[in-house]
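The structure appears right after this line, and notes come after that.
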Amino acid sequence: MTGRWRATYGPSTTTTQHTESRRNARAIVSLTPAEERVLSLLPTYRTLAAIGTQLGIGRPTVKTHVANIYKKLGATKRAEAVTLAEGEGLLPHQ
């Protein structure tokens, strides 16, 4: 079946960038409304405690949402998460 797929649809190799883009697109769909609210405040570079105060939730909850956002976007740092989110249209470009 692999040979037939290659013959019909082309080579099975994809670029890392294309693979990451598809993975990120799937992740975007899975952000919860709470994660989206926290994500919208990440570009402000407020502390997690300040974000929690603004949203009416505790710092540990914000920290959990941020960790989930990083995982779903494939980011390891806040600036990277913001850049990826902007690139996917989740945040306006700053």
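Worth pointing out:
- Selection from region 33-73 of residues that are modelled with pLDDT of 95 or more, assigned to a loop (DSSP other than H, G, I, E, B) and not basic (Lys, Arg): Thr47, Gly56, Ile57, Gly58
- Of all residues in region 82-94, exactly one satisfies the criterion of being small (Gly, Ala, Ser) and either modelled with pLDDT of 95 or more or not in a helix (DSSP H, G or I) (or both), namely Gly89.
- Cβ-Cβ distances below 8 Å connect the following pairs, each with a first residue in region 78-90 that is closer than 9 Å to Pro43 by Cα and among the charged types (D, E, K, R), a second residue that is part of a loop (DSSP other than H, G, I, E, B) and modelled with pLDDT under 90, and a separation of six or more residues or different chains: Arg78/Tyr45.
The values are calculated or read from the model by the stated rules, or taken from the named source; none is laboratory data. This one's a predicted model, so the numbers in the text were calculated from it and none came from an experiment. As a convention, Cβ positions derive from the backbone with ideal geometry for all residues, glycine included, and neighbour counts pool all protein chains shown.
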